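Here the structure comes first, spelled out in structure tokens, and everything after it is commentary.
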Amino acid sequence: MAGLALVTGASSGIGFQIAKQLAGRGYDIVGVGTSDRVAGLGERLPGVQVYPVRVDLSTEDGVADLWRQVEETGRPLDVAALNAGVSLGGAFLDTDLEDEKKMIALNITSQVLLAKHVVRMMTARRSGRILITSSMSALTPTPYESIYGPTRAFMLSFAQGLREEMREYGVTVTALLPGATATEFHSRAGMGNTVFGSNDWKNDPELVARLGVDALFAGKDHVIGGDRKTRLDALRNRMLPDPIKARRFAKASKPR
Ligand SMILES: NC(=O)c1ccc[n+]([C@@H]2O[C@H](COP(=O)([O-])OP(=O)(O)OC[C@H]3O[C@@H](n4cnc5c(N)ncnc54)[C@H](OP(=O)(O)O)[C@@H]3O)[C@@H](O)[C@H]2O)c1
């Protein structure tokens with residue numbers, strides 16, 4: 001029987017491409033999103049069984065509902081890609097606190113809740129692979145996306161610690177750190193009036209997902225998701241002092 005993979009945020013962008021890569025490797029997909037595009041996932045991923053799940057993961061009920069539907073498949077998860085996430089652009093002085101709380105609930109809390117279910121299921125079978133989408137933003141201060149970056153830093157740190165705990169159970173954890181990628185992400189974050197507003201210069205989500213899925217199956221601890229320039233930027237981010245990185249980031253993220 002084919003393996004089963006959970007992909008959150010599978011209805012668009014990087015998550016859809018991750019689902020496509022996994023389907024290409026023969027995995028059936030539990031694909032998650034909030035929009036009605038989720039219902040059409042089966043047609044967009046031909047040749048494998050798709051279980052579409054439309055839930056809002058920024059609520060604990062949404063996570064519980066998703067997990068109930070995973071259990072209802074009657075199948076164990078071989079792969080879990082915890083990928084759904086959003087950003088919120090603008091000056092912290094002006095951004096809406098409720099939007100920020102919702103972002104934290106999706107980008108951090110839901111990932112932890114879901115990871116708890118996933119690791120319990122996978123460790124019981126002593127097998128499984130977990131891919132956690134973080135971001136290059138985890139490696140730099142992110143002014144004008146001042147809460148988003150820390151949510152990605154949380155996920156990177158969480159992934160690295162969890163990876164070590166999972167080693168004795170034969171479960172791998174891999175962090176994917178995409179650079180800026182041409183998806184709906186920045187327009188959804190209200191960043192149309194920044195350098196991030198244009199998708200022309202960004203990484204192809206297909207490339208980012210392929211790098212992530214290849215790293216997942218190679219059992220790597222993390223991978224930078226993007227082209228050569230993105231990988232060089234990541235290297236620079238590991239060396240430059242934070243105040244300099246913050247100033248550079250603000251040039252791209254500050255609303256014009
Ligand atoms: N694009 C970038 O430049 C970039 C860079 C670094 C890291 N990332 C990370 O990559 C991940 C995917 O982003 P993307 O670029 O692919 O963005 P995207 O195109 O906007 O896709 C986001 C996905 O998450 C789903 N989603 C959003 N809110 C949700 C919620 N409350 N509950 C369940 N699902 C929800 C969306 O589903 P619906 O559309 O159906 O609502 C969609 O499938 C995020 O974690 C992000 O932090 C992105």
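The values are calculated or read from the model by the stated rules, or taken from the named source; none is laboratory data. Treat the numbers as computed from the prediction; the structure is a model and nothing was measured. Here Cβ is always computed from backbone atoms with ideal geometry, including for glycine, and neighbour counts include all displayed protein chains.
Counting only residues that are buried (at least 16 other Cβ atoms within 10 Å of the Cβ) and either within 22 Å of residue 216 (Cα to Cα) or among the small types (Gly, Ala, Ser) (or both), segment 107-125 holds 13 of them. Do we find that residue 219 is within 13 Å of the chain's Cα centre (by Cα) and over 30 Å from residue 94 (Cβ atoms) in this structure? Against the criterion (within 13 Å of the chain's Cα centre (by Cα) and over 30 Å from residue 94 (Cβ atoms)), residue 219 does not qualify. Among the helices (runs of 4 or more DSSP H) confined to segment 184-256, the ones with at least 3 residues that are within 17 Å of residue 12 (Cβ to Cβ) are located at 185-188, 205-218.
In summary, helices (runs of 4 or more DSSP H) completely within segment 6-114 and bearing 2 or more residues that are of a type in the set (Val, Ile, Thr) occur at 13-24, 60-72.
In segment 91-106 there is no residue matching the filter, namely being of a type outside the set (Phe, Trp, Tyr), surrounded by 15 or more Cβ atoms within 10 Å (Cβ to Cβ) and within 12 Å of residue 6 (Cα to Cα). Taking first residues from segment 149-172 that are farther than 19 Å from residue 107 by Cα and partners that are small (Gly, Ala, Ser) and surrounded by fewer than 17 Cβ atoms within 10 Å (Cβ to Cβ), the Cβ contacts under 8 Å between residues at least 6 apart in sequence or on separate chains come to 170/127; 171/127; 172/219. Kindly indicate whether residue 157 is among the polar types (S, T, N, Q), assigned to a helix (DSSP H, G or I), out of contact with any helix residue (DSSP H, G or I) (no Cβ under 7 Å at 6 or more places or on another chain) and at pLDDT 95 or above. Yes; evaluated as a whole, the condition is true for this residue. Taking segment 4-27 as the range and being surrounded by fewer than 19 Cβ atoms within 10 Å (Cβ to Cβ), more than 9 Å from the ligand (Cβ to nearest atom) and touching a residue at least 40 places away in the same chain (Cβ under 8 Å) as the test, only 25 passes.
Of the listed requirements (1) at pLDDT below 95; (2) surrounded by fewer than 17 Cβ atoms within 10 Å (Cβ to Cβ), residue 237 misses just one: (2). Pairs meeting the criteria (first residue in segment 28-46 and surrounded by fewer than 23 Cβ atoms within 10 Å (Cβ to Cβ), second residue polar (S, T, N, Q), beta carbons under 7 Å, at least 6 apart or on different chains) are 28/49; 35/11; 37/11; 37/12; 38/11.
Residues are listed down the side, and each one gets a yes or a no for (1) over 17 Å from residue 87 (Cβ atoms); (2) modelled with pLDDT of 95 or more; (3) acidic (Asp, Glu):
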site	(1), (2), (3)
168	yes, yes, yes
174	yes, yes, no
178	no, yes, no
200	yes, yes, yes
206	yes, yes, yes
212	yes, yes, no
219	yes, yes, no
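Being near the ligand (Cβ under 8 Å from one of its atoms) and either among the acidic types (Asp, Glu) or at pLDDT below 95 (or both) holds for only one residue in 94, 65, 56, 99, and it is 56.
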